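The next block holds one structure in the form of structure tokens; read it before the comments.
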Amino acid sequence: MALDDTIGNAAENVAGKAKEAVGKATDNDRLEAEGKADQTKAQLKQTGEDVKDVFR
């Protein structure tokens, strides 16, 4: 299950980067902020997965 979570977190991170880039390119501050938030959320999820892996 951890591999599925890791892949999902990586996909969410990539989607956030894309959203941020589109926001920058179109001068859309809201979209850029959403992209950054998505990346942060994915990184926090991945950190949680890493901590769980340490205790397995």
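The values are calculated or read from the model by the stated rules, or taken from the named source; none is laboratory data. These numbers come from a predicted model, not from an experiment. Virtual Cβ from ideal backbone geometry, glycine too; neighbours counted across all protein chains shown.
Points to keep in mind about this one:
- Scan region 1-39 for residues that are of a type in the set (Val, Ile, Thr) and under 25 Å from Arg56 (Cβ atoms) and the total you get is 2.
- Considering the conditions (1) surrounded by 14 or more Cβ atoms within 10 Å (Cβ to Cβ); (2) among the small types (Gly, Ala, Ser); (3) at pLDDT 95 or above, Gly8 is excluded by exactly one of them, (3).
- Where a residue in region 30-45 is aliphatic (A, V, I, L, M) and its partner, wherever it lies, is assigned to a helix (DSSP H, G or I), with Cβ under 7 Å and at least six apart: Leu31/Lys19; Leu31/Val22; Leu31/Gly23; Ala42/Asn9; Ala42/Glu12; Ala42/Asn13; Ala42/Gly16
- Among the candidates Lys45, Lys41, residue that is surrounded by 12 or more Cβ atoms within 10 Å (Cβ to Cβ), modelled with pLDDT of 95 or more and either in contact with a helix residue (DSSP H, G or I) (Cβ under 8 Å, 6 or more places away or on another chain) or not in a helix (DSSP H, G or I) (or both): Lys41
- The listed residue being over 15 Å from the mean Cα position of the chain (by Cα) and of a type in the set (Asp, Glu), out of Asp4, Asp50, Asp29: Asp29
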